[in-house]
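The values are calculated or read from the model by the stated rules, or taken from the named source; none is laboratory data. Keep in mind the model is a prediction, meaning the values are calculated, not measured. Here the Cβ positions follow ideal geometry from the backbone for every residue, glycine too, while neighbour counts run over all protein chains shown. For the accessible areas, the whole protein counts, side chains as well, though only heavy atoms, and no ligand, DNA or RNA atoms are used. Shrake-Rupley method; radii C 1.70, N 1.55, O 1.52, S 1.80 Å.
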Amino acid sequence: DLADIGVTGLATMGRNLARNLARHGYAVAVHNRSASRTHALVREFGGEGTFVPSEEAADFVASLKRPRRAIIMVKAGAGTDAVIDQLAALMEPGDMIVDGGNAHFEDTRRREAALRERGIHFVGAGISGGEEGALLGPSIMPGGSAESWEALGPILQDIAAKVDGVPCAVHVGPDGAGHFVKMVHNGIEYSDMQLIAESYDLLRQALGATPADLAEVFRGWNRGELDSYLIEITAEVLDQVDAATGRPFVDVVVDRAEQKGTGRWTVQSALELGVPVTGIAEAVFARALSGHPEQRAAARSLAGPSLSGVGAEELVEDVRQALYASKIVAYAQGFDQMAAASREYGWDLDLGAMATIWRGGCIIRAKFLDRIRAAYDADPNLPTLLVDPTFAAALGVAQESWRRVVTTAVRIGVPTPGFSSALAYYDGLRRDRLPAALVQGLRDYFGAHTYLRVDREGAFHTDWPGDRAERPA
Ligand code: NDP
């Protein structure tokens, strides 16, 4: 019998996705470059449903019902191109290839265009939730044609996470839209983690609190408006005690944060689009700073402030407020980036729907996303999430605390780039007049770049080296 859908690439993610499909009653064709993984899957989990294993790609493709639906879950990059070429050569017009790996959205755009010429639907699908999500219900962000969504949507919604009965899978938009949204999701994840790390660091340094004390603090925060998966697991990690030494686990881990690149991609794209995603950028740069041990060792001798006592109770609540406010800013920036990309690439993204599919399955899942969805439901054309009445009110409540936190951090020498840059962004947007006017003046002075006036139409230039008279440009 022919399979309903296939998965090629059976490492952690592909194997669990195939099992998830089989558990939902689909007959799943399975294939992997090295056949041992295919056999292991059928041997260990064959009882969970119907698997149709193949050692050769040709047999894999031949084992699929028409129009064929094949999901690729291989290491992103050159491997993906190789597997796409292999499958496409064996497929027919109308068939569908889904790339569930973490591809760059520009690669997805290129691949989609090339396969479209051959009549094959290429679906770049962001899949979030890691190993467990793939098995029990991920958040799925597929791009591609409307026809491909018709054929794939019901299956993807079936295996996705559900929140209040609503599946965390929606057709994001054409070509690279799905992988773009997954990229921004990961960027926001960077920012969330950076803000959590700053909260922990500041409270630990300022109050001399232990990781176990702080686990309690985070656990408490998780019962309020910060309720989220990442806050929840922060408490777990802070509570962990190293078996070998008896020390807190966080104290035996090397303080150098790794990155696979999706945060960097998000910032690179934001630079191209001209969208200030300072929260994500600071998170990427903070990881980069942590990765320079030679500079850090040398800089340890630089002068810093003497640590002095800070009031405990107020600081904990202030940090909670700063974390929440900075998180609102980071999400507002990420959603701005998606809106800008939607305009640039003609994707027609539904921002409220993006918040909806991130409510479950994925790493940034949080109650908070319901508030974002509500904000876009109330006004799909919000100029920035910050001015949604709910968020504006929260920022109003938080801002004094936020300022005290940044001031305290600066005073005692604890770096909080996430809090500080988010506050600078908030204050920047709030400003009636920005010093960008002076920047324009300087640009006109040295480069005759011209400027606009507040009171008249048209561009102007002042003859700086000459008579300093202004003329229309
Ligand atoms: P890996 O990224 O470790 O990739 C291993 C798989 O890729 C193996 O099946 C391997 O086959 C196959 N592969 C590598 N190169 C080639 C090639 N040239 N031709 C054919 N097959 C190749 O696996 P993961 O399961 O961790 O991730 C799969 C994808 O999902 C990646 O793109 C990843 O970025 C993405 N992803 C991962 C998440 C995670 O939490 N791990 C979360 C969300 C997305 P072989 O066994 O023969 O070596």
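A few remarks follow.
- DSSP beta bridge pairing in region 78-191, given as percent antiparallel to the nearest 5: 50
- Relative to the 2.2 N^0.38 Å rule of thumb, region 210-286 has a C-alpha radius of gyration ratio of 1.42.
- Non-local lysine pairs in the chain, meaning eight or more places apart or on different chains, with alpha-carbon distances under 30 Å, amount to 16.
- Residues in the chain average 46 Å² of solvent-accessible surface per residue, probe 1.4 Å, ligands and nucleic acids excluded.
- In nm, spacing of pseudo-spin labels at R431 and V166 (7 Å Cα→C-beta vector): 3.7
- This model, with +1 at the C-beta of Lys and Arg and -1 at the C-beta of Asp and Glu, gives the chain a dipole about its Cα centre of some 460 debye.
- Taken along the Cα-to-beta-carbon direction at a fixed 7 Å, the label points for D213 and D455 span 5.9 nm.
- The orientation-averaged shadow of the Cα convex hull for region 413-473, equal to a quarter of the hull surface, comes to 6.3 nm².
- Angle in degrees between helix 211-221 and the longest Cα principal axis of the chain, rounded to the nearest 10: 80
- Amide H contacts under 5 Å for N32: G9, T38, restricted to partners 5 or more places along the chain or on a different chain, H placed in the peptide plane at 1.01 Å from N.
- In plain terms, the chain is cut at each of the trypsin sites (Lys or Arg not before Pro) found in a DSSP loop with at most 14 other Cβ atoms within 10 Å, and the longest leftover piece is 119-222.
- With the convex hull drawn around the C-alpha atoms of region 1-154, the volume per residue stands at 96 Å³.
- Relative to the longest principal axis of the Cα atoms of the chain, helix 78-90 runs at roughly 40 degrees.
- Nearest-ten-degree value, helix 312-345 long axis tilted from longest Cα axis of the chain: 60
- Share antiparallel - DSSP beta bridges, the chain, percent rounded to 5: 40
- Dimensions of the chain along the principal axes, based on C-alpha atoms and rounded to the nearest Å, stand at 79, 69, 47, largest first.
- Scaled against the 2.2 N^0.38 Å expected of a compact globular protein of N residues, the Cα radius of gyration of region 275-364 reads 1.55.
- Globularity ratio of region 326-473, using Cα Rg and 2.2 N^0.38 Å: 1.39
- Computed per residue of the chain from DSSP H runs no shorter than four, each worth -39500 (n - 2.57), the mean residue ellipticity at 222 nm is -18000 deg cm²/dmol.
- Spherically averaged projected area of region 66-155 from its Cα convex hull (nm²): 5.5
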